[in-house]
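Undergrad: What follows is a single structure, and I will ask about it in a moment.
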Amino acid sequence: MIEPDVVVVASGPGPAVAVPDGGTVVAADGGLERAAALGLEVDVVVGDLDSVSSVALARAEAAGTRIVRHPVAKDATDLELALDEALALGARRVLVIA
């Protein structure tokens, strides 16, 4: 299996998945909570942050996670913004968990 440079986690319920070790983890808004449920340590949270709980967000901030806030009125979805962040990080391979 080819290891991804970046793992992007979208919000919402989903099955448990095996995620390769290594790589940067970017959560798309509420994907922060899904990442935690999967046992992933998130490096960056991206979005308007309307889908993530204040508790999860505070926990991430306290852990030093980088938070990239966008306005609610935007032309891109949180997942699109997270993929843009992955590209900005120089990713050549991205695994999206959605």
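The values are calculated or read from the model by the stated rules, or taken from the named source; none is laboratory data. Given the structure is predicted, the values throughout are model-derived calculations rather than measurements. Virtual Cβ from ideal backbone geometry, glycine too; neighbours counted across all protein chains shown. When the accessible area is computed, the model is the full protein with side chains, heavy atoms only, and any ligands, DNA or RNA have been set aside. Shrake-Rupley method; radii C 1.70, N 1.55, O 1.52, S 1.80 Å.
Undergrad: How do ILE97, ILE67 rank by accessible surface area computed with a 1.4 Å probe, from largest to smallest?
TA: The residues order as ILE67, ILE97, largest area first.
Undergrad: Hey, another quick one. How do SER54, SER11 stack up against each other in accessible area, from largest to smallest, with a 1.4 angstrom probe?
TA: SER54, SER11
Undergrad: Taking springs between alpha-carbon atoms closer than 10 angstrom, which of ASP29, ASP21, ASP43 fluctuates most in the Gaussian network model of the chain?
TA: ASP21
Undergrad: Also, I was wondering about something else. Hey, any idea what % of the chain's accessible area is carbon plus sulfur with a 1.4 Å probe?
TA: Carbon and sulfur: 54 percent of the exposed surface of the chain.
Undergrad: Please name which of ILE67, ALA16, ALA27 has its Cα lying farthest along the dipole of the chain towards the positive end, using unit charges on Cβ (Lys, Arg +1; Asp, Glu -1) and the Cα centre as origin.
TA: Highest projection toward the positive end goes to ALA16.
Undergrad: Continuing with this model, one more query. If you bin the C-alpha pair distances of the chain every 10 Å from 0, what whole percents do you get?
TA: Distribution as computed: 18, 54, 27, 2 percent.
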